[in-house]
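One structure is given here, and the rest of the page talks about it.
The values are calculated or read from the model by the stated rules, or taken from the named source; none is laboratory data. This is a predicted model, so every value here is computed, not measured. We place every Cβ from the backbone using ideal geometry, glycine too, and count neighbours over all the protein chains shown. When the accessible area is computed, the model is the full protein with side chains, heavy atoms only, and any ligands, DNA or RNA have been set aside. Shrake-Rupley method; radii C 1.70, N 1.55, O 1.52, S 1.80 Å.
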Amino acid sequence: MVDKHVRPESDAENGVRPLTTDIEAFRPEDFEEELKQRKKHKRLIFLIVLLIVLILLAGAGTAGYAYYTKLKTQTSSLFNPTPVPTAAPTRAPEPAPGKAGTATVTPEPTPTPDPFAAYVQTPPVLEQNILNILLIGVDYSAERETWKGKDGVSAAHADVMIVLAVNFDNNTASLISLPRDTYTTIPGVSGIYKLNAALNCGGGIYAANDAGFKKCCEAASFWLGGIPVDYYYAVTMPAVKGLVDAIGGVDYRLEIDFTLNGRHYSKGKKHMNGQAVLDYLRVRKSGSGLEPGQTGDPNRVNRQKKMLVAIFDQLKKKGNILKIADILAAFDGQLFTNCSFEQTASLALYGSSMPSSNISMHSMEGDMHSMYRWNFNFVKQSKRVQLIKKIYGVTVPEYPALSYAGAQITQQTRIANQYINTCGPLTELMLEKRAASDAATRDEDRFTDTQMNHFTSYMDKLEKLKDLRSTSSTGKLKNACAAFKNAALKCRSVFGYTGELVWTVPTLADMNEIYVDFR
């Protein structure tokens, strides 16, 4: 991990090439829009790159036109997607015996089946020529470096992840939004995370050899059932702020009153600078003064779309072509890609001639539920499979363990393991006492009927709890946990156990392989 105060001397040395293009990566696409709006948004992806290309080709004459034709008509040949092996995701290790204040356990619990072990992926064979590019919006900005005690660099997440699937056979493009709060495992990393933590699990925005962004691509590929996602564009918050300032601000009618970081904004027609626009794009919580019905990500997404249209309208105004240097400077060090300039220019030119009706917008549908003290989006697996079939023409497997029902089983299994582990020393003590009772020659040294009844009940409930782990019935497992806990508390008194019994399951931060700050 690069020190948070030191930017790599050369992004190119690490295989990460800042490129002045693609503000679209900062825009989530979660809902269908009107045809006219989609056309504006599509153009926004290509605007800056097209400006560069046109300037470069303006004085190139015949040779320039030939190069222009090549870029526009041979886009597919410039990309060479290769299958990306996706490591089988693994579940976070269960708390070790004796963790959280307990002594070392001799009779260790039997291994718990890994609910994610079956998700070893072989990239499906696509019959169509489709290029996948991941558009990433990173929530990093300088002012967040010490916000709430965070490390602004290492705590920056991939809050926007959109797969742009370009089908060269059908001349179509599909934008697939992957919700940032999606309950997921990250390929090659042990634990349960939100999807936006993929960047952190890869080492962050300045990780060597663009490992952070590559990990985002792996995570996107995982949710596509193993379909490779080889290319990416990533943009940070300051890029949006700099762009707006470079074009002289944006005229916009605010529909909300809000306060963010001590800056207050009221409803009405405004001329907004970069900071104001950035605050508007961020705000989503009631603590910022938003009224009921204005909070949350869906409402923020709708506001972001309207603002991006306003930015596009401002970019079209006469005279902004003369500000190309300032516009490019807005992206300096704030946008990263593993695409070459030629690939980017070709993609922009290809897209500029695509009919708006050929562009579709999708989202992996899900429902929000609270778990592990966080709110997660649980993707509807049947809808996910249908969406992939529609866009790619292949059928991929569902991920039952990542559904809400599957997550409940995983959570209850962790509770069961915690109960078994924390009672390990009690189990050992009781087994020793039972062995001594069986070997005793005097009646007074043998178990009393009460002790034998409690011992037998405890051991029966322990074995039942072990057998029910990872069962499809969360209710049965929950009841078994309660019954075992009750039996353990009684045995602690009957057998004089003085050790501590810790029933609380460790937080995800303690169990996950990589710590991610979600504050």
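Here is a list: 354, 272. Which entry is at pLDDT below 80, touching a strand residue (DSSP E or B) at 6+ places or on another chain (Cβ under 7 Å) and open to solvent by less than 30 Å² (accessible area, probe 1.4 Å)?
354
Looking only at segment 452-462, decide whether some residue is open to solvent by 50 Å² or more (accessible area, probe 1.4 Å) and modelled with pLDDT under 95.
Scanning segment 452-462, I find no residue that is open to solvent by 50 Å² or more (accessible area, probe 1.4 Å) and modelled with pLDDT under 95, so the answer is no.
Since residue 270 meets every condition but one in (1) in a helix (DSSP H, G or I); (2) without any contact (Cβ under 8 Å) to a residue 24 or more places away in the chain, which condition does it not meet?
Answer for residue 270: the failing condition is (1).
Results for (1) at pLDDT below 95; (2) not in a helix (DSSP H, G or I), shown as yes or no for each residue.
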{"site": "322", "(1), (2)": "yes, no"}
{"site": "333", "(1), (2)": "yes, yes"}
{"site": "343", "(1), (2)": "yes, no"}
{"site": "360", "(1), (2)": "yes, yes"}
{"site": "370", "(1), (2)": "yes, yes"}
{"site": "376", "(1), (2)": "yes, yes"}
{"site": "387", "(1), (2)": "no, no"}
{"site": "406", "(1), (2)": "yes, no"}
{"site": "410", "(1), (2)": "yes, no"}
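Considering segment 190-216 alone, what residues qualify as being open to solvent by 10 Å² or more (accessible area, probe 1.4 Å), under 23 Å from residue 378 (Cβ atoms) and either assigned to a loop (DSSP other than H, G, I, E, B) or touching an Asp or Glu at 6+ places or on another chain (Cβ under 6 Å) (or both)?
Answer for segment 190-216, where residues must be open to solvent by 10 Å² or more (accessible area, probe 1.4 Å), under 23 Å from residue 378 (Cβ atoms) and either assigned to a loop (DSSP other than H, G, I, E, B) or touching an Asp or Glu at 6+ places or on another chain (Cβ under 6 Å) (or both): 190, 194.
Please work out which residue is nearest to residue 188 (Cα to Cα), limiting yourself to segment 462-483 and to residues that are touching a residue at least 12 places away in the same chain (Cβ under 8 Å) and part of a loop (DSSP other than H, G, I, E, B).
470
Which number in (1) open to solvent by 50 Å² or more (accessible area, probe 1.4 Å); (2) under 30 Å from residue 367 (Cβ atoms) marks the one condition that residue 449 misses?
The one condition residue 449 does not meet is (2).
Give the residue, chosen from 236, 259, that is at pLDDT below 95, among the β-branched types (Val, Ile, Thr) and surrounded by fewer than 18 Cβ atoms within 10 Å (Cβ to Cβ).
259
Scan segment 473-489 for residues that are modelled with pLDDT of 95 or more, in contact with a helix residue (DSSP H, G or I) (Cβ under 7 Å, 6 or more places away or on another chain) and either of a type in the set (Asp, Glu) or surrounded by fewer than 14 Cβ atoms within 10 Å (Cβ to Cβ) (or both) and jot them down.
None; the set is empty.
What do you reckon, is residue 380 open to solvent by 30 Å² or more (accessible area, probe 1.4 Å), charged (D, E, K, R) and in contact with a His (Cβ under 9 Å, 6 or more places away or on another chain)?
Here the answer is no, as residue 380 does not meet what is asked.
Go through 428, 432, 365, 398 for me and flag whichever is free of Cβ contacts under 8 Å to residues at least 60 places away in the same chain and either surrounded by 20 or more Cβ atoms within 10 Å (Cβ to Cβ) or out of contact with any helix residue (DSSP H, G or I) (no Cβ under 8 Å at 6 or more places or on another chain) (or both).
On the way: 428 fails: free of Cβ contacts under 8 Å to residues at least 60 places away in the same chain; 365 fails: either surrounded by 20 or more Cβ atoms within 10 Å (Cβ to Cβ) or out of contact with any helix residue (DSSP H, G or I) (no Cβ under 8 Å at 6 or more places or on another chain) (or both); 398 fails: either surrounded by 20 or more Cβ atoms within 10 Å (Cβ to Cβ) or out of contact with any helix residue (DSSP H, G or I) (no Cβ under 8 Å at 6 or more places or on another chain) (or both).
The unique qualifying residue is 432.
Just give me the residues in segment 490-511 being open to solvent by less than 90 Å² (accessible area, probe 1.4 Å) and out of contact with any helix residue (DSSP H, G or I) (no Cβ under 9 Å at 6 or more places or on another chain), in sequence order.
If the condition is that a residue be open to solvent by less than 90 Å² (accessible area, probe 1.4 Å) and out of contact with any helix residue (DSSP H, G or I) (no Cβ under 9 Å at 6 or more places or on another chain), then 507, 508, 509 are the ones that fit.
Quick one: in segment 142-174, of everything that is among the small types (Gly, Ala, Ser) and not in a loop (DSSP other than H, G, I, E, B), which residue is modelled with the lowest pLDDT? Please lay out each step first, then the result.
From segment 142-174, those among the small types (Gly, Ala, Ser) are 142, 149, 152, 154-156, 158, 165, 173-174; that's our starting set.
Restricting the remaining residues to those that are not in a loop (DSSP other than H, G, I, E, B) gives 142, 149, 158, 165, 173-174.
Values: 142: 58, 149: 46, 158: 90, 165: 93, 173: 88, 174: 90.
The selected residue is 149.
Mind listing just one residue for me: the one in segment 401-418 that is open to solvent by less than 20 Å² (accessible area, probe 1.4 Å) and in contact with a strand residue (DSSP E or B) (Cβ under 7 Å, 6 or more places away or on another chain) and, of those, farthest from residue 162 (Cα to Cα)?
Across segment 401-418, the extreme among qualifying residues is 407.
Please specify each residue of segment 484-519 satisfying the condition of being under 40 Å from the mean Cα position of the chain (by Cα), among the hydrophobic types (A, V, I, L, M, F, W, C) and either farther than 26 Å from residue 461 by Cα or part of a helix (DSSP H, G or I) (or both).
Matches in segment 484-519: 484, 488, 508, 509, 511, 514, 516, 518.
With (1) among the small types (Gly, Ala, Ser); (2) touching a Gly at 6+ places or on another chain (Cβ under 8 Å); (3) modelled with pLDDT of 95 or more as the list, and residue 220 as the residue in question, which single condition is left unmet?
Condition not satisfied by residue 220: (2).
Can you pull out every residue in segment 220-269 that is small (Gly, Ala, Ser), closer than 19 Å to residue 157 by Cα and in contact with a strand residue (DSSP E or B) (Cβ under 7 Å, 6 or more places away or on another chain)?
Within segment 220-269, 220, 234, 239 qualify.
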